1. Criterion first (open to solvent by less than 70 Å² (accessible area, probe 1.4 Å), part of a strand (DSSP E or B) and in contact (Cβ under 8 Å) with a residue 24 or more places away in the chain) does B:Val175 satisfy it?
2. Out of B:Leu135, B:Leu142, I need the residue that is within 14 Å of chain A (Cβ to nearest Cβ), at pLDDT 95 or above and over 16 Å from B:Asn21 (Cα atoms). Which one?
3. Filter region A:126-147 for residues that are more than 14 Å from chain B (Cβ to nearest Cβ), without any contact (Cβ under 8 Å) to a residue 40 or more places away in the chain and not in a strand (DSSP E or B) and give the result.
4. Inside region B:123-132, can you point out the residues that are of a type in the set (D, E, K, R) and either within 10 Å of chain A (Cβ to nearest Cβ) or not in a loop (DSSP other than H, G, I, E, B) (or both)?
5. How many of the residues making up region A:59-98 are assigned to a strand (DSSP E or B) and surrounded by 14 or more Cβ atoms within 10 Å (Cβ to Cβ)?
6. Does region A:148-158 contain any residue that is in a strand (DSSP E or B), within 18 Å of A:Ser48 (Cα to Cα), within 24 Å of the chain's Cα centre (by Cα) and not hydrophobic (A, V, I, L, M, F, W, C)?
7. Is it the case that region B:168-191 has a residue that's in contact with a Phe, Trp or Tyr (Cβ under 9 Å, 6 or more places away or on another chain), within 11 Å of chain A (Cβ to nearest Cβ) and of a type in the set (A, V, I, L, M)?
8. Would it be correct to say that B:Thr44 is on the phi < 0 side of the Ramachandran plot and not in a loop (DSSP other than H, G, I, E, B)?
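The values are calculated or read from the model by the stated rules, or taken from the named source; none is laboratory data. Computed from a predicted model, the values in this text were never measured in an experiment. Cβ: placed from backbone, ideal geometry, glycine included. Neighbour counts: every protein chain shown. The area values use the complete protein model at the heavy-atom level, side chains included, leaving out ligands, DNA and RNA. Shrake-Rupley method; radii C 1.70, N 1.55, O 1.52, S 1.80 Å.
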Amino acid sequence: MCLKIIKTKRMKIILKTSLLVFAAAIFFAACTPVEHKELGAPRNIMESISGTWKLTKAIQVDEDASKKGFPFKELDITTLFPYTNFLLTLNLTNGGPGTFTTTPGSSPRIIKLASGNWTVDNIEYPKVITLTSGAANEKVTLGGYPVGASNALKLKVERKDAGTGKLLISYSYEFAKQ
Amino acid sequence: MKKLLYFILLVVTGITVKAQNPSFSPATFTAEDEVTLTIDVTGTGMAGAVEAYIWIFSNPDIGGGADGVTNGNWTNSSNAAKMTAAGTNKWSFKFIGTTMFGQSPAQLKSFGFLVKKKDGSSQSPDYKPYFFDPLIFTPTMLRVFPARVGSDDVVTVNFDKTYGVTINEQRMTPVSATVTVFDETGAQVGSPLTINARSTGTSIWSASFIPSVSFTPGAGRRLNKFRYKFNGTVLDPGGVTTTVSSSETEVVFTTMQ
């Protein structure tokens, strides 16, 4: 009787071990080597920025209130005024920054200059776009490149106290390509 | 050659960089910080004076102001108001807002000053307003967003009836806001603007405008400040709808770069 119980226990252990080995074999057999795709050409930020863009979203931020943790930090102003009529066109010249035009329609002029030339601080990884028309210029900061999954152009305009240089307000604008 | 280039750079920088007048150290400060102001009085009634006294006041043009404790009398400034020479026609003065005006940080929004002779026989123009950096958020019935705005910004005026003072302010249902803009001479610019109010909270109504779009100052003038109030309706004891308005408050535009 005792010998029979020992034999049954041994059989159970052998069965469990066999099942584990079988499962492992199936698991590893299912693994197949994955071929890495080619990385392709480096992304061309200038090309992705160029084109005609239509404003889709405008957010106003009280930077001082944000810094201090006060309530009422930001406001979505997209629908308060007809911002979505604003068009920005950035043209390339020989693959680099060229001319620009702004067409506000009935939108507030988020960029005052109507046309001129645009330049960037770094051709490969631009952060600041400078728009120039004669002696006047305006700077906008890029909030995100329209590459990969994101196809929105994000620009930020900062407003500083002329007396102290302190950042008081910023406007974040999102554009969709036309 | 290198030295010549440095010299040219120095001269060009000196010509193109316009010094702020007055200047403050530190550049931003709260009502509890010690700040040193330096003012150049060249071209004012105080040019060439051998000694100068400050006449300082809080919250200019917005109400709730106080005179500096060092002012003394106009014809006999106190010695505590004496400014320190900081160069030809330049004077400096060190103070702490809360101590100078005997007001709390919540009460102190801004200040202004002028420079005068001890006996008041000569003086500079007013220099104002200069804002204290707020330390705490103080909820109020009338509030502007963002807290400091330029004339080209989207300005949203807000009415929170939770903080209404009068019975009408506590009971009214706002319908619109009326905005009046003034230039730097104090002259009204155009006609008052009445804009629809929208509900933005259980007890908050808001109205937005862009000053430079809605108001055009006269030639050579600039938009300097605006006053606003909210208009709405209440039911009188007889059940009749009556139009009422809130009190009015004033906001000075910040010059932006």
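1. no
2. One residue alone meets the criteria, B:Leu142.
3. Scanning region A:126-147 gives A:Lys127, A:Gly134.
4. Within region B:123-132, just B:Lys128 meets the criteria.
5. 14
6. Yes, that holds for at least one residue.
7. no
8. So B:Thr44 does not fit the description; no.
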